[in-house]
Amino acid sequence: MFEFFIFIILPLITSLICYFIKNLRIQYCISLVPGILHFGLALCIFIGFYHTNLPFLFGIDALSKLWILILSNVYFWVVLVSYSYLKRPVNSKAEAGKQYYFLLLNFYLAANSAAILSNHFGMYWVAVEATTLSVAPLIYFYRNEEALEAMWKYLFLISIGIAFAFIGILFLTLSAKGTILEGKQLFFWEFIKNAGQLNPIWLKASFVFIFVGLSTKIGLAPMQSGDIDATSNAPSPIAALMSGSLRITALLGVLRILEIIRPTATYEFAKLIMIIGGMLSIFVAFVFMFKVNNYKRMLAYSSVEHLGIITLGIGIGGLAFIGAIYHAIYNSITKVILFLTAGNIHSRYQSREVSKVTSVMKLMPVTGWLFLISFFAISGIPPSGIFFSEIKIFEGILFSTKPGLLFIAMFFLLFIFINMGKIIFSMLYNKGTNDKQDNSIEKFEFIHFVTIALLIILIALAIISPDILFNRISSIGKDFGINL
Amino acid sequence: MGIEIIQGIISIIIIIGLAPLFAGFINKLKAILTGRIGAPVLLPYYELQKLFKKETIVATDSSFISRFSPLLNFIIMLIASAMLPIGFWKPLISFNGDIILFAYMLGLARFFQILAAMDIGSSFEGMGAAREATFALFAEPIFFFTLGSVAFISGQTSMYEIYHSIRLDNVSYIVFIIICSISAFLLAVTECSRMPIDDPNTHLELTMIHEVMILDNSGLDLYLYQYSGYIKLFIYGILEISFFYPFSAHSYLVGLIIFIFGAIILTFTLAIVETITSRFKMKNIPQYLLFATAIGILNLLIYTFTK
Amino acid sequence: MGNVLSILFCLSLFYVCITSRVKGFVTVLRIQGILLSIIIVIPFIYHFSVFGIILPVTILLVKVYLIPKYINKIILDLDIKRMIEPTIQQFSFLLLVIVTMTVIFIVTHILSQSTELNVIPFASGFSAIIIGIYIIMFRKKLIVHVAGFLILENGIFLFGTSVASELPVMIEMGMLLDVFVVVFLMGIAINNISTTLSGFDVTALGRLKD
């Protein structure tokens, strides 16, 4: 019960407290507590110091242990940075919105933990809906027209997607009719054990609906529009949170149903759909990267691309699956770094358009270097972890039954790299004609410290690659039938 | 055999005789509902008698169609009424597939009426003819989806057999029949130009659909057209009532009483609907008719798939 | 009995297609809420239990009272014009809906030969889902989009009852409350949209295109 309290109840209590306290600093200090405890406990569970005992609708296995560690990590660094981010001046309407920031953030933590730890499809669904509800008002932070439109699109499109996922869950119940699973009420383990008896037609329909519904939240093409708009207009910590943790929680749902489908004959069909989804996402990112002129939108498309790579890896299976899991970890860390530095640039230049942001390297040297290094990190230059995970995925694709996909994917990734590089180098090194901006060189701030810490973690994790990580991921792979 | 012929002839005489009374009843009820005393119930008879004595004038540029179209209409109505079952009596004309003959007889009557209207050469009649043709197009599927679905389910194709096979025993069948009758009611309202499709009391020619087609007829022509109109209304009323007439009753007297009772309820319904509703915009009428068709299709789907 | 209610549900869907008033949507939502709560109550008439009455009462409260009241308040506050402006004609929309419903019924019938399911509520629920999507695709006003979303949720609910799943009452209530909060947030968003942006049509939301 203790871990249930720390993971879910404590953030809920904290969010309630934040409702009553108006001082931002105190809210920040109080919100740090669940963040630290969450991270610590997740680390202990992952390493194996602590064995869990969760109540009725919740349970934990290898996949959840890794996922909750990813969530804790991203959340911890985002909360740490939040106060210094909130101290920056914004327009008057948004000042009122700052009161709700920590409240919603804690509620998000509770909902997301509940989704990861849940044992039951229904509970998972309710928790994912709750995360949507908690993130949507946060997108509206800046209180201007674009933010409003982004919030509306996000809320609407994601709710429809989640409704589709619910239809998929109902189809899953239907596939269990007539077997001994009837009435077992959608617990994962029961379904996985008896998967062979499920009716294949309904299982296929269920997978399609859940995948399509959750891909609005994951951000895969062709349902990526709500997500892109939201990520590009949200404040940077929130965008980092969404890219780092929200998408992969939705991916968890897809992984669960994939686990159920694995022993049956529908597995090939499901893998094919995932491969198509992945390739389509990379293609969409490739196309749109040519004409994007808003650097946060560029980062959002980069998220689409990387989630597409992860989905592709899961779809191919085998070594690519292991690579995809590693990619999920490294991607979430790198995205946080990218969005935090982009947020720095935005608060200095007050514009998201690339044409208005010039000579960053001269005026903001620390941020500029960090941005450059994180761009190299996300593109897969060693020693960044993304390099290692992408190598594994590519190796997996090459040795699978469809090696041609590798060349297509690498072609797209090459051009995405070129376009991103073009935009970033123009931001960093172009001399601006605008001489109204102040030419003060920026100082080293707390955000930079956090970003450097994250970079160090990324590189260290990739180079050292602790055994415990490898063991956990292998056990996840075993759950999915992949033996190394 | 002989008694059947006599029964058939009596049915025709009843339909022709009572048709103006039905229309008179509806008008009287409408008047009472709006707080007036209204015309006497037998007024349609007096009107027809008045028209019979008047002089018939035809337009100078009209052709032979205007001469024989009113008579053709009346004769077709007579034949159609010979195909309707009243009570337990087998109609005079009854064979397999006569439901299609019935529908297209009425269609033939309408066709000649439209031609005669266009033949007169005035723009009002042409406008009315165009509107009538359009709405008849949308109203035809309703007939087939309503009566046709009952035919489909019972497996018979003669109207007498179809109505005979309606046995109101289980709940879903009763619901099916109720929804069919709602659909048939919407059809009746359309075909006989009642509200909310067409206001029979309007004097503005631009808003009329059916009345405007017979605007320039007088004397015997008008007598025949009006009488055919009354008979048509009564025919559709009988189609509607016969859905509920439990043919499993075995006594003629009880059957007759139920029939009269049903007719009275139908007049009440028609009068209330005419009083409450206002006329639809012309551009909304096709979707109203499609709505009635949709009800018919839905009905058919649901009943087939619950078996 | 469940079949009759599903038929009425389908008729309410037809009414949605031909209505041209915004308040018509609210009426349809109310009717659907009442029908759904009756459908839920039916199994409990025979073995009555206090526990079993919670869900129908909650549905009645939320779907018939709270949500329509909230939408009416939004309509009143924003002085939304009474007519909806459809993107395609009503007639073609109704034709599309009829064709869709027929296809869904036939497909359900084919499917029901392999699995045992309750054909009429299943097909009604599924057609409500598809019609909700059509409303979102083919209508311009944002409040009508919200109504379309609610019809989609009603369809999912009806569909869920026909699958005869023993989803725990908690999950159903969770879903209901989620829907309510989503509508609440959407209402706030619409309020802000109509005050900051120029109108309440989807055409006003065009800034974020690539």
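Per-structure values
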| read-out | value |
| --- | --- |
| Complete set of residues in region A:384-408 that are closer than 22 Å to A:Lys422 by Cα and either touching a helix residue (DSSP H, G or I) at 6+ places or on another chain (Cβ under 6 Å) or of a type in the set (Lys, Arg) (or both) | A:Ser384, A:Ile386 |
| Hits in region A:158-168 (condition: among the aliphatic types (A, V, I, L, M) and facing chain C (nearest Cβ under 10 Å)) | A:Ile158, A:Ile160, A:Ile162, A:Ala163, A:Ile167 |
| B:Leu186 being buried (at least 18 other Cβ atoms within 10 Å of the Cβ), touching a Leu at 6+ places or on another chain (Cβ under 9 Å) and at pLDDT 85 or above | yes |
| Residue among B:Pro70, B:Pro40, B:Pro91, B:Pro44 that alone is closer than 30 Å to B:Ile276 by Cα and in contact (Cβ under 8 Å) with a residue 60 or more places away in the chain | B:Pro44 |
| Tabulated pairs, region B:261-289, first within 11 Å of chain C (Cβ to nearest Cβ), second surrounded by fewer than 18 Cβ atoms within 10 Å (Cβ to Cβ) and in a helix (DSSP H, G or I), C-beta under 8 angstrom, 6+ apart or interchain | B:Pro286/B:Thr134 |
| Contacts under 8 angstrom Cβ, first residue in region B:170-185 being closer than 20 Å to B:Leu233 by Cα, partner surrounded by fewer than 21 Cβ atoms within 10 Å (Cβ to Cβ) and modelled with pLDDT under 80, 6 or more apart | B:Ser181/B:Phe244 |
| Set B:Ile79, B:Ile86: member being surrounded by 15 or more Cβ atoms within 10 Å (Cβ to Cβ), in a helix (DSSP H, G or I) and β-branched (Val, Ile, Thr) | B:Ile79 |
| Hey, C:Thr115 at the interface with chain B (Cβ under 9 Å from one of its Cβ atoms), free of Cβ contacts under 8 Å to residues at least 60 places away in the same chain and more than 19 Å from C:Ile151 (Cα to Cα) or not | no |
| Residue, farthest from C:Gly155 (Cα to Cα), within region C:1-43, restricted to residues that are of a type in the set (D, E, K, R) and in a helix (DSSP H, G or I) | C:Lys23 |
| Filter result for A:Asn112 (at pLDDT below 85 and not acidic (Asp, Glu)) | no |
| Pairs where the first residue, in region A:417-445, is at pLDDT below 75 and the second is assigned to a loop (DSSP other than H, G, I, E, B), C-beta under 6 Å, 6+ apart | A:Gly432/A:Thr358; A:Gly432/A:Ser359; A:Glu442/A:Met364 |
| Some residue of region A:98-115 being within 13 Å of another protein chain (Cβ to nearest Cβ), closer than 30 Å to A:Thr173 by Cα and either free of Cβ contacts under 8 Å to residues at least 12 places away in the same chain or of a type in the set (S, T, N, Q) (or both) | no |
| Test: residue in region B:189-204 that is over 24 Å from B:Ala294 (Cα atoms), touching a residue at least 40 places away in the same chain (Cβ under 8 Å), in contact with a Phe, Trp or Tyr (Cβ under 8 Å, 6 or more places away or on another chain) and not in a helix (DSSP H, G or I) | no |
| Test result for B:Glu205, among the acidic types (Asp, Glu) and within 18 Å of the chain's Cα centre (by Cα) | no |
| Top-ranked residue in region A:453-468 [being farther than 19 Å from A:Pro382 by Cβ and either surrounded by 13 or more Cβ atoms within 10 Å (Cβ to Cβ) or not acidic (Asp, Glu) (or both); ranked as modelled with the highest pLDDT] | A:Ala453 |
| Search result, residues across region A:117-139 that are without any contact (Cβ under 8 Å) to a residue 60 or more places away in the chain and more than 8 Å from chain C (Cβ to nearest Cβ) | A:Ala127, A:Ser134 |
| Residues of region A:86-128 satisfying the condition of being more than 17 Å from the chain's Cα centre (by Cα) and of a type in the set (Ser, Thr, Tyr) | A:Ser92, A:Tyr100, A:Tyr101, A:Ser118 |
| Filtered residues of region C:38-79 (kept if at pLDDT 70 or above and polar (S, T, N, Q)) | C:Thr58, C:Asn72 |
| Region A:364-383: number of residues that are in a helix (DSSP H, G or I) and closer than 18 Å to A:Ile423 by Cβ | 12 |
| Filter pass, A:Gly277 being in contact with a Leu (Cβ under 7 Å, 6 or more places away or on another chain), at negative phi and assigned to a helix (DSSP H, G or I) | yes |
| Some residue of region A:67-81 being of a type in the set (Gly, Ala, Ser), in contact with a Lys or Arg (Cβ under 8 Å, 6 or more places away or on another chain), buried (at least 16 other Cβ atoms within 10 Å of the Cβ) and touching a residue at least 24 places away in the same chain (Cβ under 8 Å) | no |
| Residue that is nearest to B:Ser228 (Cα to Cα) [pool: residues in region B:171-211 that are of a type in the set (Val, Ile, Thr) and within 14 Å of chain C (Cβ to nearest Cβ)] | B:Ile182 |
| Filter result (within 14 Å of chain B (Cβ to nearest Cβ), under 21 Å from C:Val144 (Cα atoms) and not aliphatic (A, V, I, L, M)) within region C:4-45 | C:Phe9, C:Cys10, C:Ser12, C:Phe14, C:Tyr15, C:Cys17, C:Thr19, C:Ser20, C:Arg21, C:Gly24 |
| Selection within region B:31-76 - in a helix (DSSP H, G or I) and in contact with a Ser or Thr (Cβ under 6 Å, 6 or more places away or on another chain) | B:Leu33, B:Asn73, B:Phe74 |
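The values are calculated or read from the model by the stated rules, or taken from the named source; none is laboratory data. All values derive from a computational prediction rather than experimental measurement. Heads up, the Cβs are rebuilt from the backbone with ideal geometry, glycines too, and the neighbour counts pull from every protein chain shown.
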